[in-house]
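Colleague: Provided herewith is a single structure, encoded as structure tokens, for subsequent inquiry.
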Amino acid sequence: MVRIKLAVLISGRGSNLQSLIDACAEESFPARIVQVISNVPGVAGLGRAEAAGIPAAVVDHKAFEDRQSFEAGLNEALEKSGVDLICLAGFKRLLTDGFINPWRDRLINIHPSLLPAFKGVHAHEQVVESGARFSGCTVHFVRPDMDDGPVIIQAVVPVHGDDDADALAARILAQEHRIYPRAVRLFAEKRLRIAGGRVLIDGAGAPEGALVNPCADGGRRK
Ligand code: GRF
């Protein structure tokens, strides 16, 4: 089995990084993490990478003059490890077209809402405030606009009447940890096709199959 090479970009806690580390530890998983990069020194996610024996680097945006030179620094770190797919996992810097376009369709992100609803920061607060009954999380290909791009996979959770943002975030995070490895697997197995701004999943039948609701399969992991 050919295992694709992942880079994971983080800025903090790294629980999604951990879900990818755990998935990659399974022999049958078709990817491995070759590089973790944080733009913030000393964050917990770096410790998770080190504990797993994965090369971890800090590319501190504060050490660069502007976004372009920061992104050149990122690319320099990435090029060394021959990366096939970049996973943004709680990476809290906006990336410009100059970085995103060369990585087009090889750069994915996870966002804690059902995109295209509730883009941007404080998604959970926005959801609670809105009175929406359901929310969830989305893994999508990255495009230059924030939290924009073809949806690969989503999971849905209910919003309870007494939820605050933290309670909702915890419910969603558990689903984030399930769908990110699934999205990586689909990519690695070359089952994703982008057509007309939508992702079609080979083997999932109709386009509706592109939305995988973990509630609908009894919580089983593929
Ligand atoms: C997650 O909720 C992710 O969806 C968002 O930032 C958070 C990162 O959490 N983009 P972690 O660092 O992966 O624990």
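The values are calculated or read from the model by the stated rules, or taken from the named source; none is laboratory data. Note that this is a predicted model, so its numbers are computed, not measured. Glycine also receives a Cβ, built like all others from the backbone with ideal geometry; neighbour counts cover every protein chain displayed. All accessible areas refer to the heavy atoms of the entire protein, side chains included, with ligands and DNA or RNA removed. Shrake-Rupley method; radii C 1.70, N 1.55, O 1.52, S 1.80 Å.
Colleague: Please verify whether R48 is within 12 Å of the ligand (Cβ to nearest atom), assigned to a helix (DSSP H, G or I) and charged (D, E, K, R), treating the condition exactly as stated.
Modeller: Numbers: within 12 Å of the ligand (Cβ to nearest atom): yes; assigned to a helix (DSSP H, G or I): yes; charged (D, E, K, R): yes.
Against the criterion (within 12 Å of the ligand (Cβ to nearest atom), assigned to a helix (DSSP H, G or I) and charged (D, E, K, R)), R48 qualifies.
Colleague: Then there's this: Scan segment 111-140 for residues that are assigned to a helix (DSSP H, G or I), out of contact with any Asp or Glu (no Cβ under 7 Å at 6 or more places or on another chain) and away from the ligand (no atom under 12 Å from the Cβ) and jot them down.
Modeller: Those that are assigned to a helix (DSSP H, G or I), out of contact with any Asp or Glu (no Cβ under 7 Å at 6 or more places or on another chain) and away from the ligand (no atom under 12 Å from the Cβ): E125, Q126, V127, E129, S130.
Colleague: Here's something else I'd like to know. May I ask you to list the residues in segment 47-73 that are crowded, with 19+ Cβ neighbours inside 10 Å and acidic (D, E)?
Modeller: If the condition is that a residue be crowded, with 19+ Cβ neighbours inside 10 Å and acidic (D, E), then E71 is the only one that fits.
Colleague: Being assigned to a helix (DSSP H, G or I) and among the acidic types (D, E) is the filter; apply it to segment 59-83 and report the residue that is nearest to P30 (Cα to Cα).
Modeller: Here the answer is E79.
Colleague: Can you tell which of L85, L94 is aliphatic (A, V, I, L, M), in the same structural domain as P41 (by TED's automatic domain parsing) and surrounded by fewer than 19 Cβ atoms within 10 Å (Cβ to Cβ)?
Modeller: Every option except L94 fails the conditions.
Colleague: If L17 passes every condition in (1) touching a helix residue (DSSP H, G or I) at 6+ places or on another chain (Cβ under 8 Å); (2) within 16 Å of the ligand (Cβ to nearest atom); (3) open to solvent by 60 Å² or more (accessible area, probe 1.4 Å) but one, which one does it miss?
Modeller: (3)
Colleague: Given I100, I108, which one is within 19 Å of R13 (Cα to Cα) and either outside any loop (DSSP other than H, G, I, E, B) or in contact with a helix residue (DSSP H, G or I) (Cβ under 9 Å, 6 or more places away or on another chain) (or both)?
Modeller: Going through I100, I108 in turn, just one is within 19 Å of R13 (Cα to Cα) and either outside any loop (DSSP other than H, G, I, E, B) or in contact with a helix residue (DSSP H, G or I) (Cβ under 9 Å, 6 or more places away or on another chain) (or both): I108.
Colleague: Report yes if some residue within segment 162-183 is assigned to a strand (DSSP E or B) and modelled with pLDDT of 95 or more; otherwise report no. It would help to see each step written out before you state the result.
Modeller: Here is the first cut: in segment 162-183, the residues assigned to a strand (DSSP E or B) are none.
Within segment 162-183, none of the residues are assigned to a strand (DSSP E or B) and modelled with pLDDT of 95 or more.
Colleague: While we're looking at this one, here's another question. With respect to the numbered conditions (1) over 17 Å from F187 (Cβ atoms); (2) of a type outside the set (D, E); (3) touching a Leu at 6+ places or on another chain (Cβ under 6 Å), which one is the sole condition not fulfilled by A44?
Modeller: (3)
Colleague: Okay, moving on. Only one residue in A57, A31, A25, A63 is more than 15 Å from the ligand (Cβ to nearest atom), within 15 Å of the chain's Cα centre (by Cα) and outside the structural domain of V139 (by TED's automatic domain parsing), so which one is that?
Modeller: Working: A57 fails: within 15 Å of the chain's Cα centre (by Cα); A25 fails: within 15 Å of the chain's Cα centre (by Cα); A63 fails: within 15 Å of the chain's Cα centre (by Cα).
When all the criteria are applied, what remains is A31.
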